[in-house]
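Here is the structure we will look at, set down as structure tokens.
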Amino acid sequence: MKSPILNDAFFSRLETMSLELKADLRGFFGGKHLVRTYGQTVEFADYREYALGDDIRRIDWNLYSRFEKFFLKLFTDERQMHTQIFIDCSASMGKDMPAKAEYSVATAAALGYLSVHNMDKISFNLIKGDKVENGFGTIVGKKAFFNAVNTLGDMEFDGESDIGAAVTSCHDMGSGDGLAIIISDFFTDSDWKKAVDFLCYKKKQVMLIQVLTPDEIDPVYSGRVNLIDCEAGGMEDPKNLKIRINRANQQAYEMALRDMQAELRSFCASRGAEFISVSTELPIEKMLFKELLKVGIIA
């Protein structure tokens, strides 16, 4: 599944943007993210009085000549962020739904590119069952990024996923070092709240991106239909239904979808996380430059 969205023109349009953190960052030195702690950059931040043991090379002698007191120059610090993207690889995210799979991969690739372009690290974690797979390692630099994206487009979507168990089993998890983004339809019985709580405990800035097709947002089925769950174990699985769809069924579905999204939004807000729901009909660039700008993830 090679996405036609992922081309040079698409990535070049992303180069004016950057990922933003609302909280302070504990990442590695060498990035482009200004933090509130003082460091070694050339950008002046403030003064403070000299204390015994301070580096005398930082004394501002001009101020000493005026006040006859020693003051140190303080400079801003810049850190490198680690963006961790978790992609739900269950069947409902891609099996027989190429638009959803393509959209999810393109979203992950765009966010990854924003990271490496701004000298940050990126990890692509594929949620499969109750585990995460990361065959790319921690990616630094555009060459490694494009090698990973070429492989990312070939991944398979199958089976079920346990988002909570998978995310909490991730070993490559620092603390307070950047963003954690989960891309899924969240059509799951698993405890996704456990994943959000775990990432918040790790002091990550958390974002959930729900990807849905137009048919999932506003289904147009009517009459007698067979509803086959693509994650079911077989045709005899009780998840599969033979049902006559009428207006009451459609209204019940619409209400259930709204309730699910309201729960996602409310829970994320209670944890200081962000949540957006997007349709695969929405152009990927509009999603990036409008929806993510709106919640303050990119600038």
Q) Do any strands (runs of 3 or more DSSP E) entirely within the stretch 202-299 hold 1 or more residues that are charged (D, E, K, R), modelled with pLDDT under 90 and loosely packed, with under 13 Cβ neighbours inside 10 Å, and if so, which? A) 223-227, 241-245
Q | The listed residue being of a type in the set (A, V, I, L, M, F, W, C), in contact (Cβ under 8 Å) with a residue 60 or more places away in the chain and buried (at least 22 other Cβ atoms within 10 Å of the Cβ), out of VAL105, VAL132 | A | VAL105
Q: Test ASP197 against the stated conditions and say whether it is part of a loop (DSSP other than H, G, I, E, B) and either touching a residue at least 40 places away in the same chain (Cβ under 8 Å) or more than 15 Å from the chain's Cα centre (by Cα) (or both).
A: no
Q) For LYS100, all conditions in the list (1) assigned to a loop (DSSP other than H, G, I, E, B); (2) within 19 Å of LEU264 (Cβ to Cβ); (3) charged (D, E, K, R) hold save one; what is the number of the exception? A) (1)
Q) Residues of the stretch 150-194 being over 15 Å from the mean Cα position of the chain (by Cα), hydroxyl-bearing (Ser, Thr, Tyr), buried (at least 18 other Cβ atoms within 10 Å of the Cβ) and not in a loop (DSSP other than H, G, I, E, B), which ones? A) SER161, THR168
Q | the stretch 135-155: number of residues that are basic (Lys, Arg) and without any contact (Cβ under 8 Å) to a residue 12 or more places away in the chain | A | 1
Q. What about GLY129, is it under 12 Å from the mean Cα position of the chain (by Cα) and within 28 Å of TYR201 (Cβ to Cβ)?
A. no
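The values are calculated or read from the model by the stated rules, or taken from the named source; none is laboratory data. Computed from a predicted model, the values in this text were never measured in an experiment. Methodologically, a virtual Cβ is constructed for each residue, glycine included, from the backbone with ideal geometry; neighbour enumeration extends over all protein chains shown.
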